[in-house]
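Report on one structure; see the data block that follows.
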Amino acid sequence: MKIRIFAMASLVLLLTSPAWAGGLGQGPGMTPAGKWALSLSGEYQFEQKFKDYDLHRASSAGASDIEGKSAKFKEDQAYLATLTWGASDWLNLFAQAGWVRGGKWQDKDLLSGQEWEAKLKDNFAWGAGLKVKVWEPRPGWSLLLAGRYFRYDDREASDWQNNSTGFQADSDWVTDDKLDYWQVDLDAVMLFKLGMVTPYVGLGWSHAEAKLSGRWSAPGVQVDYDSKMKSKEELGALAGLALELGSGFSLNLQGEFITRTAVSLGVTWTF
């Protein structure tokens, strides 16, 4: 009991620092003690908004300025393999690796209202985290805390265009922009096992940060860009449904709301 209390306290401390987040596409339940589970999952993120931020610009001619912006991700995707170990009946540890692809970066100038958009290229992504079962009021019903740290670095943003004017940046500039991103969530999830079907609902705290930096070059001039931003909403909700398929396989469908609008689908094999 003391070990469990210590683990729960450690989880809360870790998750309130920039280091952990909720499991993408995984089954909502616990992997039994001594067992392993392999999950393959995909997520489609419709939208994720960021707080207003400052874009810093400096040209090779010596000029510099700061432009107020708002930004969001659209149509982003993540595909991950997750390996989970049942450390005990109440504690799971997992690691993830995969890639992100297909997203769009969209920002708007707060003063002029002009909107820019770039395509986000394929990039390696990884994550790590844990689950803790904290309450089981009746067989098949349980309350879990889930945490995961998820990130990628040096993701290319290219094919810039001004949606307000139709201007294509590549017609005049050579662009070299990179995006670093990390995300941390803490989810509290209640499961209701009903035979082969397990519906679940949850509430979560989420925080994400991104850094977009780069250089635009044209004959005789270079402009360096640098900006940092944080997620706009930090309290959200999730709901899902898991289905046991037999022979250790299960299917999981999950939706996320408010902090980001996303849906994920995953298949898990427990062995």
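Go through the residues of the range 207-230 one by one and say whether even a single one is of a type in the set (Gly, Ala, Ser), open to solvent by 50 Å² or more (accessible area, probe 1.4 Å) and more than 25 Å from Leu40 (Cβ to Cβ). Let's see the steps before the verdict.
Just the residues of the range 207-230 that are of a type in the set (Gly, Ala, Ser), to begin with: 208, 210, 213-214, 217-218, 220, 227.
Add one more test, that the residue is open to solvent by 50 Å² or more (accessible area, probe 1.4 Å), and what stays is 220.
From what's left, more than 25 Å from Leu40 (Cβ to Cβ): 220.
Within the range 207-230, one or more residues are of a type in the set (Gly, Ala, Ser), open to solvent by 50 Å² or more (accessible area, probe 1.4 Å) and more than 25 Å from Leu40 (Cβ to Cβ).
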(message) For the range 189-206, give me the residue count where each residue is open to solvent by less than 40 Å² (accessible area, probe 1.4 Å) and either within 16 Å of Leu145 (Cβ to Cβ) or outside any strand (DSSP E or B) (or both).
(response) 7
(request) Identify, by number, the condition in (1) of a type outside the set (Asp, Glu); (2) open to solvent by 50 Å² or more (accessible area, probe 1.4 Å); (3) closer than 29 Å to Asp180 by Cα that Phe249 doesn't meet. (result) (3)
(request) Taking the residues in the range 138-168 that are closer than 21 Å to Lys72 by Cβ and of a type in the set (A, V, I, L, M, F, W, C) as candidates, determine which candidate is surrounded by the most Cβ atoms within 10 Å (Cβ to Cβ). (result) Phe150
(request) State which residue pairs qualify: first residue over 25 Å from Leu91 (Cβ atoms) and modelled with pLDDT of 95 or more and inside the range 117-132, second residue in a strand (DSSP E or B) and hydrophobic (A, V, I, L, M, F, W, C) in any location, beta carbons under 6 Å apart, and separation of 6 or more residues or different chains. (result) Ala118/Trp105; Ala118/Ala157; Ala118/Trp160; Leu120/Trp105; Leu120/Ala157; Asp122/Trp99; Asn123/Val100; Phe124/Trp99
(message) Under 7 Å between Cβ atoms, which residue pairs at least 6 apart in sequence (or on different chains) link something in the range 234-256 that is closer than 19 Å to Asp185 by Cα with a partner that is in a loop (DSSP other than H, G, I, E, B) and open to solvent by 40 Å² or more (accessible area, probe 1.4 Å)?
(response) Leu235/Ile258; Gly236/Ile258; Ala237/Ile258
(request) Confirm whether Gly68 is in a loop (DSSP other than H, G, I, E, B), at pLDDT 95 or above and over 24 Å from Asp154 (Cβ atoms). (result) no
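Out of Trp116, Trp126, Trp135, I need the residue that is among the aromatic types (Phe, Trp, Tyr), within 25 Å of Leu191 (Cα to Cα) and open to solvent by 40 Å² or more (accessible area, probe 1.4 Å). Which one? Spell out how you get there, then give the answer.
Working: Trp116 fails: within 25 Å of Leu191 (Cα to Cα); Trp126 fails: within 25 Å of Leu191 (Cα to Cα).
Only one candidate passes the filter, namely Trp135.
Scan Lys193, Lys228, Lys211 and give me the residue that is farther than 25 Å from Ala63 by Cβ and of a type outside the set (A, V, I, L, M).
Values: Lys228 fails: farther than 25 Å from Ala63 by Cβ; Lys211 fails: farther than 25 Å from Ala63 by Cβ.
On inspection, the qualifying residue turns out to be Lys193.
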(message) I'm trying to understand the selection: among the residues of the range 137-185, which are over 29 Å from Lys121 (Cβ atoms) and either small (Gly, Ala, Ser) or touching a Lys or Arg at 6+ places or on another chain (Cβ under 9 Å) (or both)?
(response) Pro139, Gly140, Trp141, Ser142, Leu143, Leu144, Leu145, Ala146
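Leu265 - would you say it is assigned to a strand (DSSP E or B), closer than 17 Å to Gln45 by Cα and either open to solvent by less than 50 Å² (accessible area, probe 1.4 Å) or modelled with pLDDT of 95 or more (or both)?
Here the answer is yes, as Leu265 does meet what is asked.
For the range 220-250, what are the residues that are assigned to a strand (DSSP E or B) and charged (D, E, K, R)? Let's see the steps before the verdict.
Of all residues in the range 220-250, those assigned to a strand (DSSP E or B) come to 221-231, 235-246, 249-250.
Once the filter is applied, which keeps residues that are assigned to a strand (DSSP E or B) and charged (D, E, K, R), the range 220-250 yields Asp224, Asp226, Lys228, Lys230, Glu244.
Would you mind stating whether Leu38 is modelled with pLDDT of 95 or more, in contact with a Phe, Trp or Tyr (Cβ under 9 Å, 6 or more places away or on another chain) and under 27 Å from Leu145 (Cβ atoms)?
Working: modelled with pLDDT of 95 or more: yes; in contact with a Phe, Trp or Tyr (Cβ under 9 Å, 6 or more places away or on another chain): yes; under 27 Å from Leu145 (Cβ atoms): yes.
Yes; evaluated as a whole, the condition is true for this residue.
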(message) With the condition being farther than 21 Å from Leu55 by Cβ and in contact with a strand residue (DSSP E or B) (Cβ under 7 Å, 6 or more places away or on another chain), I'd like the strands (runs of 3 or more DSSP E) fully within the range 76-152 carrying at least 2 qualifying residues.
(response) 91-101, 123-138
(message) For the range 33-76, give me the residue count where each residue is open to solvent by 40 Å² or more (accessible area, probe 1.4 Å) and at negative phi.
(response) 23
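The values are calculated or read from the model by the stated rules, or taken from the named source; none is laboratory data. These numbers were taken from a predicted model, which means no experiment stands behind them. Because the Cβ atoms are built from the backbone with ideal geometry, glycine has one as well, and the counts that use them run over all protein chains shown. Areas reflect the complete protein model, heavy atoms only, side chains present, ligands, DNA and RNA absent. Shrake-Rupley method; radii C 1.70, N 1.55, O 1.52, S 1.80 Å.
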